Amino acid sequence: MGHDEAGILVMVFTVIFCLAQIILALCGIFGHSVILFATYKTKEIQTKYGLLLVQLSVAHIICILGQLVNTAFLVVMPVIGQMLCFRIFFVFMASMFWQSIIVLIISIDLLCAIVIPLLYRKWTVKLCVTMNIVVCCSLAIVDTAIAYGAINAKEKSECNIYSIRAHKVSIYAEVFSYCVAALQVLTYLTCYTIMYIRAKMFTRKNKNACFRNQHRKTMRTISVMVVIYVCTWVLSIVITRFADFVSSSAWRRLLWMIASLLQMLCFIQTFYVCYQRSSEYRNIFRRLHKSIKWLQKVKDIGSTVCHGTEASQAKRVFFITK
């Protein structure tokens with residue numbers, strides 16, 4: 001395909017891309033606002049995991065707004081000074097780094113809940129939330145400071161979130177992103193493997209249907225997390241890296257748009273995953289938003305009521321999927 005054909009393809013895709021980004025942004029801001037409002041109004045989900053979701057929602061709202069600005073810059077492709085470009089996007093860049101660390105902490109939190117449930121319950125919510133905020137903010141500030149130190153204030157270039165870093169810094173940042181992404185996927189797969197082995201062991205000794213259903217529900221939830229994360233965030237990192245080797249500016253911009261679209265999908269999915277996979281969050285969302293017509297009734301998965309010994313056996317697994 002020649003340069004003219006590539007330019008036409010980019011123009012057509014740009015229109016679709018802009019409309020999709022606006023629609024996804026509205027859906028994402030609505031979903032995260034629901035999570036924040038539900039957590040504020042409902043004490044039963046003001047847990048370690050619930051407040052981790054609050055942090056993730058705040059970071060994702062900032063990322064969604066930043067991605068809208070990035071969308072405009074990808075369409076216009078202005079050539080400005082690197083320092084000015086950094087000032088426009090540094091909050092978005094720090095928020096993207098922050099949300100990736102939060103997702104990693106959520107996966108580690110899930111692993112701790114599965115492996116050491118008794119010790120996990122002893123950790124106070126205040127301590128966990130404080131540590132998470134301090135760790136995420138500190139790492140995000142360090143990452144932003146490193147990017148700032150490598151900027152050539154006199155140089156001008158195309159301005160967007162993917163070209164903001166100097167080449168020598170971007171390589172290290174991408175390597176770190178790959179390591180974080182690999183660790184997240186590995187942690188989720190470890191959780192899935194442990195739950196699978198436990199399900200096999202306990203179902204052989206005990207035919208408890210409720211206990212078995214809770215294990216299966218947890219494994220399905222982990223599977224959804226892994227698939228969504230790999231197909232959005234990890235794939236966007238790979239595409240962004242691949243775009244650096246493309247010589248055509250039209251094709252490079254097309255790849256950046258695809259990566260931006262995948263990242264927007266990653267930023268908006270938290271509420272919708274909670275609604276589909278967690279019966280507790282689903283019931284709370286229904287109760288708070290029962291006047292909204294489009295929230296259709298979803299069949300609860302693994303909502304078997306446990307009694308007696310069944311309740312005590314399923315309790316260890318159920319709190320993970322809340």
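The values are calculated or read from the model by the stated rules, or taken from the named source; none is laboratory data. No experiment lies behind these values; they were computed from the predicted model shown. Heads up, the Cβs are rebuilt from the backbone with ideal geometry, glycines too, and the neighbour counts pull from every protein chain shown.
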| message | When you scan the range 86-97, do you find a residue that is at pLDDT 90 or above and closer than 28 Å to Arg282 by Cβ, even just one? | response | yes
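I'm checking my understanding of the structure. Among residues of the range 149-192 that are among the hydroxyl-bearing types (Ser, Thr, Tyr), at pLDDT below 85 and in a helix (DSSP H, G or I), which one is nearest to Ile108 (Cα to Cα)? Steps first, answer last, please.
Of the residues in the range 149-192, the ones among the hydroxyl-bearing types (Ser, Thr, Tyr) are 157, 162-163, 170, 172, 177-178, 187-188, 190, 192.
Next, from what is left, pick out any that are at pLDDT below 85: 157, 163, 170, 172, 177-178, 188, 192.
Of the ones still in play, those that are also in a helix (DSSP H, G or I) are 170, 172, 177-178, 188, 192.
Working: Ser170: 26, Tyr172: 24, Ser177: 17, Tyr178: 17, Tyr188: 8, Tyr192: 13 Å.
The selected residue is Tyr188.
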| task | Scan the range 55-67 and give yes if some residue there is in contact with a Leu (Cβ under 8 Å, 6 or more places away or on another chain) and of a type outside the set (A, V, I, L, M, F, W, C), otherwise no. | result | yes
| Condition met for Glu5 (farther than 21 Å from Phe267 by Cα, in contact with an Asp or Glu (Cβ under 8 Å, 6 or more places away or on another chain), acidic (Asp, Glu) and modelled with pLDDT under 95) | no
| said: Take Met131 and tell me if it is in contact with a Gly (Cβ under 8 Å, 6 or more places away or on another chain), in a helix (DSSP H, G or I) and either closer than 20 Å to Leu183 by Cβ or basic (Lys, Arg) (or both). | reply: no
| query | Which one of these does Tyr162 not meet: (1) under 22 Å from Gly66 (Cα atoms); (2) free of Cβ contacts under 8 Å to residues at least 60 places away in the same chain; (3) aromatic (Phe, Trp, Tyr)? | reply | (2)
| field | Contacts under 6 angstrom Cβ, first residue in the range 240-252 being more than 19 Å from Val76 (Cβ to Cβ), partner of a type in the set (D, E, K, R) and surrounded by fewer than 17 Cβ atoms within 10 Å (Cβ to Cβ), 6 or more apart | value | Arg241/Glu174
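Residues checked against (1) crowded, with 17+ Cβ neighbours inside 10 Å; (2) closer than 16 Å to Ile268 by Cβ; (3) touching a strand residue (DSSP E or B) at 6+ places or on another chain (Cβ under 8 Å):
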| position | (1), (2), (3) |
| --- | --- |
| Ile16 | no, no, no |
| Tyr49 | yes, no, no |
| Leu56 | yes, yes, no |
| Gly66 | yes, yes, no |
| Asn70 | yes, yes, no |
| Phe86 | yes, no, no |
| Met93 | yes, no, no |
| query | Can we say Ile106 is in contact with a His (Cβ under 9 Å, 6 or more places away or on another chain) and crowded, with 19+ Cβ neighbours inside 10 Å? | reply | no
| Of all residues in the range 134-168, which are of a type in the set (D, E, K, R), surrounded by 20 or more Cβ atoms within 10 Å (Cβ to Cβ) and out of contact with any Phe, Trp or Tyr (no Cβ under 6 Å at 6 or more places or on another chain)? | Arg165
